[in-house]
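> One structure, as structure tokens, below. Some questions next.
The values are calculated or read from the model by the stated rules, or taken from the named source; none is laboratory data. Note that the coordinates shown come from a computational prediction; the quantities given were computed from them, not determined experimentally. Cβ placement follows ideal geometry from the backbone for every residue including glycine, while neighbour counts extend to all protein chains displayed. The accessibility values were calculated without ligands, DNA or RNA, using every heavy atom of the protein model including side chains. Shrake-Rupley method; radii C 1.70, N 1.55, O 1.52, S 1.80 Å.
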Amino acid sequence: MNEKQRIRMWSFSLIAGFFLMWELLCIVLGVSDLVLPRPSEILVTLWTKFPILWPHILQTLYSTLIGFSLGVCIGVSLGVLVGTSKVAYSVAYPLLVGFSSIPKVAVVPIFVLWFGSGTTPAILTAMVICVFPIVVNIATGLAKTEPDLEDVLKTLGASKSEILWNVGLPRTMPYFFASLKVAITLSFVGAVLSETVASNRGIGNVMMTASSNFQVSLVFAGLIILAVLGVVLYALFSWLERRVTGWATRDTEIAIT
Amino acid sequence: MNILAHPADPADPVETVSPTAVPSAAATRIKAVELQQASVVFGTGDRAVTALSPTKLTLEQGDFVALVGPSGCGKSTILRLVTSLITPSSGAVLVGGRDAAIRHLRMGMAFQNPTMLPWLTIEQNVMMPLKIVKPFKNTFRQDRKGAFRDRVHTLLGQVGLKDFAGHFPWQLSGGMLQRANLCRALVHDPDLLLLDEPFGALDQFTREELWQILQDLYLDRKPTVLLVTHDLREAGFLAKRICVMSARPGRIISDEVVPLPQPRAIETIYSPEFVEMTQTLRALIAQVRT
């Protein structure tokens, strides 16, 4: 426990030190706040503009979470489909890799073309960007079911769905939650990306507008908000991961009930 | 005393084998397992590998047969035939008088790897078959906290794991996991128990301890057992009959009854006649290895 606290203290100091260095360097080198505003300025902007920023934060979170949820649904179904059948796996894999290797910036214009600018393309971008890691992880987890165990269950006369339900899916949970951590951050990136290109709401749009108005400290305030939101979302899902799949990490505190 | 007697099971395998046969007569005639010149060939054409030459093997109900032989001789292939995980390339495999694919008899299986599910407690792991096998699965929801729980606990008590029911698999040693594995293979009162080198990964003392536990469990509920092992003493201590297989492509070259009454004490394995028996088997296997 002591060790944990020390590590926490150090990472906090690292963050504080980073901003302190930034502040000091700006002052010492006399950097113009049009190029790089000082953290203290950014904080002030953040504080004064917060009432204006708040709806945009909600908007970005909304697009991210809706897109993410849709992505999870699609990802899980595709993953189960692909993971339970060797044939489906081999057949679908090239297509999946093809889709995943398309830079997601490239699909935003298409979504805008189809649905106009606004919330819809943001949600869709957040969705497509997070599907692939989920599919791959679910499929991998399912494929990793121990053959011996499957034999034991088959010998008992278990049906395919019983094996999937009792062994396949629980075994996949650690992979699934690991992929959720990646997916939620990706979704967030996707939503912001789409907002910067085609939306008049959301943090992405705020930053875009601010930069064209040379409100540099507002741009950085947006960045800080994005970083904080990203960390919070990530932390949320790693907490969930530990709660649900503690058995995979052999954490005694969680495992023993 | 059989604590885990069959619940009222309308489809009791022995009695429904053949509608024309008299149940009691059927019980004496129907073999638990019958391999009728069954062979297994993997692959086709030039790359065909014969894993098992046409083999004849019969297990009476309540029999305990050990299969020994050099590694890769098709011992496990026979188990996989009986459990219908693979189908014979020629010949037939009958279990309880019917094609093995029907899975007419209730089967339990244990491997060298305990394959406990890490997210379940030992109790939940052992209970797993009751969730899957009829007729238990029909009442699983009502009974898992009552009758089934007691059943699991009795069994865990018999193998000395009473205090570990609530533990997770990673908190147990290899020997303990293997005991839990045996419990899982037996909890649904199988007619046929298939063991594939179950004690292969354990140290000598733990192994001997588990032999005794297995012997007790066997004598308690008398399932038909087919044990694959490469430990001759294990075969001699536990089995009623020992079948020796030749190197690949495997076939059974010797089928002998162990002339020692059961239950056997662990000291038996150091007796002269036991040693002589294992020596003979050993010589036989050494011969066919090449």
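> Got a sec? Charge dipole of segment B:159-290, +1 on Cβ for Lys and Arg, -1 for Asp and Glu; which of B:SER271, B:LEU232, B:VAL244 is way out at the positive end?
Of B:SER271, B:LEU232, B:VAL244, it is B:VAL244.
> Identify, among B:GLY69, A:ALA126, B:SER254, the residue whose Cα sits farthest towards the positive end of the charge dipole of the protein assembly as shown, taking +1 on the Cβ of Lys and Arg and -1 on the Cβ of Asp and Glu, with the dipole about the Cα centre.
Going by the charge dipole, the pick is A:ALA126.
> Mind checking which lysines have their Cα closer than 21 Å to the Cα of B:LYS134? Skip sequence neighbours fewer than 8 apart in that chain.
Of all the lysines, those that pass the test against B:LYS134 - Cα under 21 Å, at least 8 places apart if same chain - are A:LYS154, A:LYS160, B:LYS145, B:LYS222.
> Taking K and R as +1 and D and E as -1, what net charge do the other residues with C-beta under 14 Å from the C-beta of A:GLU41 add up to?
Working: positive: A:ARG38, A:LYS49; negative: A:GLU23, A:ASP33.
Computed value for this residue: 0.
> With chain B treated as a Gaussian network of Cα nodes joined by springs under 10 Å, which of B:ILE242, B:ILE30, B:ILE266 yields the largest mean-square fluctuation?
Of the options given, B:ILE266 has the highest mean-square fluctuation.
> Can you spot the aspartates and glutamates whose alpha carbon is less than 20 Å from B:LYS31's alpha carbon? Ignore those fewer than 8 places along the same chain.
B:ASP12, B:GLU15, B:GLU60, B:ASP63, B:ASP99, B:ASP189, B:ASP191, B:ASP255, B:GLU256
> Continuing with this model, one more query. Provide the convex hull volume over Cα atoms per residue for segment A:86-168, in Å³.
Details: hull volume 9.5 nm³, N = 83.
So the per-residue Cα hull volume is 114 Å³.
> Another question about this same structure. Mean-square fluctuation check for chain A, GNM, Cα pairs under 10 Å: which of A:ILE203, A:ILE123, A:ILE42 is largest?
A:ILE42
> A further question on this structure: Carbon and sulfur atoms: what percent of the 1.4 Å accessible area of the protein assembly as shown do they account for?
Values: 16930 of 26890 Å².
After summing per-atom areas, the C and S share lands at 63 percent.
> Counting other Cβ atoms within 10 Å, keep those with at most 15, restrict to DSSP loop, and tell me which chymotrypsin sites (Phe, Trp or Tyr not before Pro) in segment A:145-246 are left. It would help to have the intermediate numbers written out before the result.
Details: sites: A:TRP165, A:TYR175, A:PHE176, A:PHE177, A:PHE188, A:PHE214, A:PHE220, A:TYR234, A:PHE237, A:TRP239; in loops: A:PHE214.
Passing sites in segment A:145-246 are A:PHE214.
> Residues with beta-carbon under 12 Å from that of B:ARG289, excluding B:ARG289: net charge, scoring Lys, Arg +1 and Asp, Glu -1? Write down the numbers at each step before the final one.
Numbers: positive: B:ARG248, B:ARG282; negative: none.
My count for the surroundings of B:ARG289 gives +2.
> Under a 1.4 angstrom probe, counting protein chains only, how are B:GLU276, B:GLU60, B:GLU197, A:GLU195 ranked by accessible area, largest first?
Working: B:GLU276 125, B:GLU60 80, B:GLU197 35, A:GLU195 0 Å².
Largest accessible area first, the list is B:GLU276, B:GLU60, B:GLU197, A:GLU195.
> Positive end of the charge dipole of segment A:43-193 (Lys, Arg +1 and Asp, Glu -1 on Cβ, about the Cα centre): tell me which of A:LEU149, A:LEU43, A:THR64 has its Cα farthest that way.
Among A:LEU149, A:LEU43, A:THR64, the one farthest towards the positive end of the dipole of segment A:43-193 is A:LEU43.
> Output needed: percent of Cα pairs per 10 Å distance bin for chain B, bins running from 0 to the one holding the longest distance.
Values per bin, smallest distances first: 6, 27, 34, 24, 8, 0.
> With +1 on the Cβ of every Lys and Arg and -1 on the Cβ of every Asp and Glu, and nothing else charged, how large is the dipole of chain B about its Cα centre, in debye rounded to the nearest 20?
Numbers: 31 positive and 28 negative charges, 162 e Å.
That gives chain B a dipole magnitude of about 780 debye.
> For segment A:1-82, give the magnitude of the charge dipole about the Cα centre (Cβ charges: +1 Lys/Arg, -1 Asp/Glu; no others), in debye to the nearest 20. Could the numbers behind the result be given before it?
Working: 5 positive and 4 negative charges, 47 e Å.
Roughly 220 debye, rounded to the nearest 20.
> Hey, how many Å between the Cα centroid of segment B:264-290 and the Cα centroid of segment A:32-98?
The two parts, judged by their Cα centres, are 67 Å apart.
> Within 10 Å of each Cβ in A:143-155, how many Cβ atoms from other chains are there, averaged over the peptide? Provide the component values of the computation, followed by the final result.
Working: counts 0, 0, 0, 4, 4, 8, 7, 2, 9, 15, 5, 7, 17.
What the average comes to for A:143-155 is 6.
> So, taking all protein chains as they sit and a 1.4 Å probe, how much accessible area belongs to B:LYS134, in Å² rounded to tens?
About 140 Å², ignoring ligands and nucleic acids.
> Same structure again: Segment B:155-290: percent of C-alpha pairs farther apart than 27 Å? Write out the running numbers ahead of the final one.
Values: 2203 of 9180 pairs.
In whole percent, the share of Cα-Cα pairs in segment B:155-290 beyond 27 Å is 24.
> Ranked by accessible surface with a 1.4 Å probe, highest first, in what order do A:TYR89, A:TYR62 come? Mind dumping the intermediate values first?
On the way: A:TYR89 75, A:TYR62 120 Å².
So, going from the largest accessible area down, we get A:TYR62, A:TYR89.
> On to the next question. For chain B, what's the relative contact order in percent, using C-alpha pairs closer than 8 Å and at least 6 residues apart?
Working: 527 pairs, mean separation 69.7, N = 290.
With pairs under 8 Å counted, the relative contact order is 24 percent.
> Would you mind listing how long chain A runs along its three principal axes, going by Cα atoms, in whole Å with the largest first?
Cα extents, longest axis first: 75, 55, 29 Å.
> Straight-line reach from A:LYS4: which lysines fall under 29 Å, measuring Cα to Cα and dropping same-chain residues less than 8 apart?
By straight Cα distance, A:LYS4 reaches A:LYS181.
> Now, a different point. In what order, largest first, do B:ASP255, B:ASP189, B:ASP220 sit by accessible area if the probe radius is 1.4 Å?
On the way: B:ASP255 75, B:ASP189 5, B:ASP220 30 Å².
Reading off the accessible areas and sorting them downward yields B:ASP255, B:ASP220, B:ASP189.
> Let me ask something additional. Can you tell me the accessible area per residue over segment A:109-220, all protein chains present, probe 1.4 angstrom, in square angstrom? Walk me through the numbers before you get to the answer.
On the way: 4470 Å² over 112 residues.
With all protein chains present, segment A:109-220 gives 40 Å² per residue.
> What's the total accessible area buried between chains A and B, using a 1.4 Å probe, rounded to the nearest 100 Å²?
Numbers: alone 15450 and 13620 Å², together 26890 Å².
The contact between B and A buries close to 2200 Å².
> Just to be sure I understand the rule: take each whole DSSP H helix in chain B, project its Cα atoms onto its long axis, keep it if the span is 24 Å or more and its mean Kyte-Doolittle hydropathy is at least -1.0. Which ones pass?
On the way: long enough: B:204-221 (26 Å, -0.77); B:272-289 (25 Å, 0.16).
Passing helices, by number: B:204-221, B:272-289.
> Could you give the DSSP H helices of chain A that reach 18 angstrom or more along their long axis (alpha carbon positions) and whose average Kyte-Doolittle hydropathy is no lower than 0.5? Don't skip to the end; give the middle numbers.
Working: long enough: A:2-29 (39 Å, 0.80); A:39-84 (54 Å, 1.20); A:86-101 (22 Å, 0.98); A:119-143 (36 Å, 1.88); A:169-197 (40 Å, 1.07); A:216-244 (42 Å, 1.89).
Membrane-span-like by this rule: A:2-29, A:39-84, A:86-101, A:119-143, A:169-197, A:216-244.
> Let me ask something else about it. Using a 10 angstrom cutoff on alpha carbons, build the Gaussian network for chain A and name the most mobile of A:ALA191, A:ALA143, A:ALA16.
A:ALA16
> Under the Kirkwood approximation for Rh and a Cα-based Rg, what ratio Rg/Rh is obtained for segment A:1-130? Walk me through the intermediate numbers first.
Working: Rg = 22.2 Å, Rh = 19.3 Å.
Ratio of gyration radius to Kirkwood radius for segment A:1-130: 1.15.
> Let me ask you something else. How much net charge surrounds A:PHE237 when only other residues with a Cβ under 11 Å from its Cβ are counted (Lys, Arg +1; Asp, Glu -1)?
Numbers: positive: A:LYS181, A:ARG242, A:ARG243; negative: A:GLU241.
Result for the neighbourhood of A:PHE237: +2.
> So what is the calculated 222 nm ellipticity per residue for the protein assembly as shown, using -39500 (n - 2.57) for each DSSP H run with n of 4 or more, over all residues, to the nearest 500 deg cm²/dmol?
On the way: 21 runs with 310 residues, N = 547.
Taking each H run of at least 4 residues, the total per residue is -18500 deg cm²/dmol.
> Here is a further query. Excluding ligands and nucleic acids, what accessible area in Å² is computed for A:LEU233 using a 1.4 Å probe, to the nearest 10?
Here the residue's solvent-accessible area equals roughly 20 Å².
> Now for a different question. Any chance you could get the radius of gyration and Dmax over the Cα atoms of the protein assembly as shown, in Å?
31.9, 103
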